[in-house]
Ligand SMILES: *Cc1c(COP(=O)(O)O)cnc(C)c1O
């Protein structure tokens, strides 16, 4: 089985090579036109041990790897708060699938613990060293640093906007240990850092800048198939838990509600369904940046709209990259159509899909959005009524889950994906549950813990004492020179 570029199907790559490359050479994403063509016994995957479950699913999605069991063990064993990695917790009349119990308290840990193992296994010892370049708005940077630290043959360099991350997120990054890690602030906002990184990739490729340096660049964001595949596992894990608890009969459908930004998380749910898992509706939850809600309602994707800064910043996205993989699948692999739409999005800022695709979208997905006041209200009600502490991203999903149930009268079990610890966003959460939100973020974390009796995750609690190891701060126009210097020393 080879992966195909969504923009030109003849550009194929074995799974391990797709992981190493990240993006296909024509700018498309590596994907399959029909995920259900993978031979897979979904019942067999519902095994008691979650690491074994991960091994089976990842082996099906990335079949040219050998020794997957060892890779999975090295990725996860002992690194999460609970041995089952992603606990399923009953809340109200639904369930919360907690994806934030990893080393940096964000759901990105699930995939970014596995990706370094997949990359090193794909790389031959004589290959060039890999330099991972990442621009981050907060969560991805730390999870990638933690995942790649001290991994043989790979170095990682993270750029964060000096005006764009919270003090907790900044402290998480500038205290990062490891002999292969570099962290650098960029003057400006996230777009400045992200555009800077894109420009570095382009310059290095076009001018052959790192030739003969023994180093090649790669990326750790969710365009990489090696980040998507590990996320398929927790949909199976949630279903297995429901089945074991007697909440569903084997084969009965379950709905999933997913707080969505780049469409990676929810696409993993679509892939789980194609592998046979009894998934009912996939509910796409957006914050005030509701470009995806509009798209799923109308078939028209239009990024020409105001950008809102919200309390759920990891979903503040106007261009949702992984949607491209869904369009490829729903059109049966129509690469010409996909590349046409992506080109139009790039040049004109919008596109409209045809009726056949629109119908398929409506069959598989439901969508809703949640504004800032509704997010606050939901955090407050989850705490006051159900004693469940939710972060703003998770609260967006709970709000949309309520709307979904009310409007469709679905009686299926509902699983809401919970993507971050409330302690990463202490100010928004304190304001919502009626605690005073003064002092710095560390003081707020402590107040939140005192008020709720919920312990601060260890990795966050220890931050304040850790020495700052990374001091660099540069202008966006100096990023290329910075990367060249780091790559060659
Ligand atoms: C990245 C992220 C999301 C969005 O996930 P996508 O795969 O980009 O849709 C939601 N919540 C949190 C906390 C995140 O870090």
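So residue 91 passes all but one of these: (1) over 19 Å from the mean Cα position of the chain (by Cα); (2) more than 30 Å from residue 386 (Cβ to Cβ). Which condition number does it fail?
Residue 91 satisfies every listed condition except (2).
Could you pull out the residue among 267, 242, 277 that is in contact (Cβ under 8 Å) with a residue 12 or more places away in the chain, assigned to a helix (DSSP H, G or I), under 17 Å from residue 97 (Cα atoms) and more than 16 Å from the ligand (Cβ to nearest atom)?
242
Within the range 291-326, how many residues are modelled with pLDDT of 95 or more and in a loop (DSSP other than H, G, I, E, B)?
Residues meeting the conditions: 1.
Please count how many residues of the range 247-262 are surrounded by 24 or more Cβ atoms within 10 Å (Cβ to Cβ) and either more than 12 Å from the ligand (Cβ to nearest atom) or in contact (Cβ under 8 Å) with a residue 60 or more places away in the chain (or both).
5
Could we say that residue 70 is more than 16 Å from the ligand (Cβ to nearest atom), without any contact (Cβ under 8 Å) to a residue 24 or more places away in the chain, in a helix (DSSP H, G or I) and surrounded by fewer than 24 Cβ atoms within 10 Å (Cβ to Cβ) here?
Considered against the rule, which asks whether it is more than 16 Å from the ligand (Cβ to nearest atom), without any contact (Cβ under 8 Å) to a residue 24 or more places away in the chain, in a helix (DSSP H, G or I) and surrounded by fewer than 24 Cβ atoms within 10 Å (Cβ to Cβ), residue 70 comes out as yes.
Note down all Cβ pairs under 9 Å where the first residue falls in the range 315-344 and is free of Cβ contacts under 8 Å to residues at least 40 places away in the same chain and under 18 Å from residue 223 (Cβ atoms), the second is away from the ligand (no atom under 16 Å from the Cβ) and in a helix (DSSP H, G or I), and they're at least six residues apart or on different chains.
Within 9 Å, the pairs are 319/345.
Tell me which residues, restricted to the range 433-467, are touching a residue at least 24 places away in the same chain (Cβ under 8 Å), surrounded by 12 or more Cβ atoms within 10 Å (Cβ to Cβ) and assigned to a loop (DSSP other than H, G, I, E, B).
Of everything in the range 433-467, those that are touching a residue at least 24 places away in the same chain (Cβ under 8 Å), surrounded by 12 or more Cβ atoms within 10 Å (Cβ to Cβ) and assigned to a loop (DSSP other than H, G, I, E, B) turn out to be 440, 454, 456, 457, 466.
Here is a yes/no grid of residues against (1) in contact with a helix residue (DSSP H, G or I) (Cβ under 8 Å, 6 or more places away or on another chain); (2) under 27 Å from residue 14 (Cβ atoms); (3) crowded, with 19+ Cβ neighbours inside 10 Å:
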{"position": "107", "(1), (2), (3)": "yes, no, yes"}
{"position": "116", "(1), (2), (3)": "yes, yes, yes"}
{"position": "122", "(1), (2), (3)": "yes, yes, yes"}
{"position": "129", "(1), (2), (3)": "no, yes, no"}
{"position": "137", "(1), (2), (3)": "yes, no, yes"}
{"position": "156", "(1), (2), (3)": "yes, yes, yes"}
{"position": "159", "(1), (2), (3)": "yes, no, yes"}
{"position": "168", "(1), (2), (3)": "yes, no, yes"}
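Applying the selection to the range 205-228, what residues are within 13 Å of the ligand (Cβ to nearest atom) and in a helix (DSSP H, G or I)?
The answer is 227, 228.
Return yes or no: is residue 140 within 16 Å of the ligand (Cβ to nearest atom), under 17 Å from the mean Cα position of the chain (by Cα) and part of a helix (DSSP H, G or I)?
yes
The values are calculated or read from the model by the stated rules, or taken from the named source; none is laboratory data. All figures in this text were calculated on a predicted structure; none of them were measured in a lab. Here the Cβ is made from the backbone with ideal geometry for all residues, glycine too, and neighbour counts use every protein chain on show.
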